[in-house]
Amino acid sequence: MTTVAEAITRHGVAVHDHLPTDVEIPVLTGPQCQGDVAVLPVTTVHPGQPLPAGGVPVVRGEAGGNTHLLLPGSKGVTWAPAVDGDGDLVLGHVTVPAGGVAYLAHPEHSYSGIGPGVYRIGRQREWAGEWRVVAD
Amino acid sequence: MRPTKPYSFDDHPEHKAQLDAWRDRWIANAMSTAPADQPKMRAAMAGLYRAANLTPPDHVVFVRSPLTAAIAGTIAAGVWWLREHPSEHVALFGRRVSEAELVAAIGPACRRAVEVGLATLRGEPVPAAEPVATRAATDAATYAATYAATDAATRAATYAATYAATDAATRAATRAATDAATRAATRAATDAATYDATYAATRAATYAATDAATYAATDAATRDATRDATRAAAAPSPVVTFFIRCTTHWWRMHNGGSDWSAWPAFLSFFRHIAGLNLPEYERWRHYEDAAIHGASRIMHTRFWVVSDRHTEVHVDPQRRLHREDGPARAWGDGWAVWYWHGVRVPRDLIEGDGWTPARILTEPNAEIRRCAIERMGWDAFVPAAGLTEVARCPDPGNPGQEIALYDLPATLEDLYDEPARILLCTNGSVERDGTRRRFGLPVPAHHHDPIAAAAEMYDMPAAAYAQLQRRT
């Protein structure tokens, strides 16, 4: 198991200093949300490319901060960016092999652990008489 | 020499690589708070007149804001037109008007246009006019007789005259000789892809915050001043009214200068980076200079007025005008506008404590009402306004927290295009001070279940959302 402090050392994404760092990052295989980003397990296969060690900014904050960064916590994690037909909110699909882990990191939300499986990474939309994607 | 094959980025990847920097340079030009560079602007303005084979005017004026430029420029145009068309005076005013009367009407016209314009932009009631003092300058009996006798026909004639007075010829001539010619030449010499990359990107980043905002503010200020001046109860002297009516035609004499950075961004890229060397550049360079060294300008054969840029401008991440504690855009002479995420709102909605729930509920404009609620926060507004709870349940993955759905009262049913309910949520992560941020989100009114409403925001099945293991 990995603590937030260990993940910060390994991946370089710091979290706001009022958030605890001496706690283990829960590694989950069910649905979870990190702010306006949702991780939803799916049953379909989404072959992708190896997730780079530096991660993929799945949602980039306007000012450079507030980026949701998807990181490989082990070997074999792949990322398939969204393709036409995936739906407006889908950012891509991450595949975590047996025994592996991926992390979603954000300065205000700390780290979320994603266990083995295939997941749709999607963002939130807001409704104001019609649906539109949330601007972070 | 004009190239036979249109310029294309396919042939010049080294130019294409400089697009982003060029776009950003012009975005910075639009958003800059630097005042007009007066010596350079004088040269650019003289160049624009000469490019159109016009004599640069003797009367040149620098002001601090596009609103002052618009009001001063249009009233000045009205003065010059009445001077040059004495034969029109009888049709307009029932008699010849002396030079002394013309000059005497300028002050009251400017004062009233500014007074009403400022109140309009602040969202405050228009202060009462001072009809006695201003009407004393003219014969009140003649004015009343003229007004009663001519009615609608005179109004039409007045409209035509004020329209003519703010003659767009100077702007049209200089623009045709410089900008329009260069646009046509550039579009002819380049392919369509180059257009999107510079013009569209610069415009997207700056239009709402600069050009559209200036237009909306000036339009609102001059329209309300004109409406006020032509109301029988408030009408000052007919000459003053004539001048104030001229202000609504400001846009015919107006060029946005730095506010209109998108076209120069596109055109100048080919002049400076792609090296097209079009013959049109010899004239257009003055237009480019005028877009760099100053903001709005009003051009007339007799005079020009050039404005400084805004002294401050604040935008949200979507580059819409937005500021939560003061004017989103302000100019050096006191003109200012207040915006909430791109919506122009009254000053007291933004400054101080904002509006009370009672004040919010009596605001007739649904969009402004929505802004006022967002300013207060739905989490505060829902209990304060006594919204009715529809359902409440534990927030999945967010231990100890709940999500709740509320009905909008009948007075707020017009807030969104489709019927809505409000979902109150609590953040999964704590703030620095140990509290959790609460916020309300509108959702379609067909929802009865808070879980289903929250799930739809992520386009996720309600059953999956109910199984959420963690929310941070």
Sort through B:86, B:56 and tell me the only one that's touching a Phe, Trp or Tyr at 6+ places or on another chain (Cβ under 7 Å) and surrounded by fewer than 19 Cβ atoms within 10 Å (Cβ to Cβ). B:56
Subset tally (residues that are among the hydrophobic types (A, V, I, L, M, F, W, C), surrounded by 14 or more Cβ atoms within 10 Å (Cβ to Cβ) and within 35 Å of the chain's Cα centre (by Cα)) for the stretch B:399-424: 7
Taking helices (runs of 4 or more DSSP H) that fall entirely within the stretch B:367-472, which contain at least 2 residues that are facing chain A (nearest Cβ under 9 Å)? B:450-457, B:462-466
Note on the stretch B:327-355: residues on the phi < 0 side of the Ramachandran plot and assigned to a loop (DSSP other than H, G, I, E, B) are B:327, B:328, B:331, B:332, B:333, B:335, B:338, B:345, B:346, B:351, B:353, B:355
Is it fair to say residue A:48 is within 11 Å of chain B (Cβ to nearest Cβ), touching a Pro at 6+ places or on another chain (Cβ under 9 Å) and either in contact (Cβ under 8 Å) with a residue 60 or more places away in the chain or surrounded by fewer than 19 Cβ atoms within 10 Å (Cβ to Cβ) (or both)? no
Of all the residues that make up the stretch B:333-372, how many are out of contact with any Lys or Arg (no Cβ under 9 Å at 6 or more places or on another chain), in contact (Cβ under 8 Å) with a residue 40 or more places away in the chain and hydrophobic (A, V, I, L, M, F, W, C)? 1
Filter result for residue A:92 (within 16 Å of the chain's Cα centre (by Cα), under 14 Å from residue A:68 (Cα atoms) and within 12 Å of another protein chain (Cβ to nearest Cβ)): no
For the stretch B:53-75, how many residues are farther than 16 Å from residue B:256 by Cβ, touching a strand residue (DSSP E or B) at 6+ places or on another chain (Cβ under 6 Å) and in a loop (DSSP other than H, G, I, E, B)? 1
Contact list, first residue from the stretch A:7-23 and within 12 Å of another protein chain (Cβ to nearest Cβ), second anywhere and loosely packed, with under 12 Cβ neighbours inside 10 Å and at pLDDT 90 or above, beta-carbon distance below 8 Å, six or more apart or interchain, is none
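The values are calculated or read from the model by the stated rules, or taken from the named source; none is laboratory data. This one's a predicted model, so the numbers in the text were calculated from it and none came from an experiment. With ideal geometry, Cβ positions are generated from the backbone for all residues, glycine too; neighbour counts draw on all protein chains shown.
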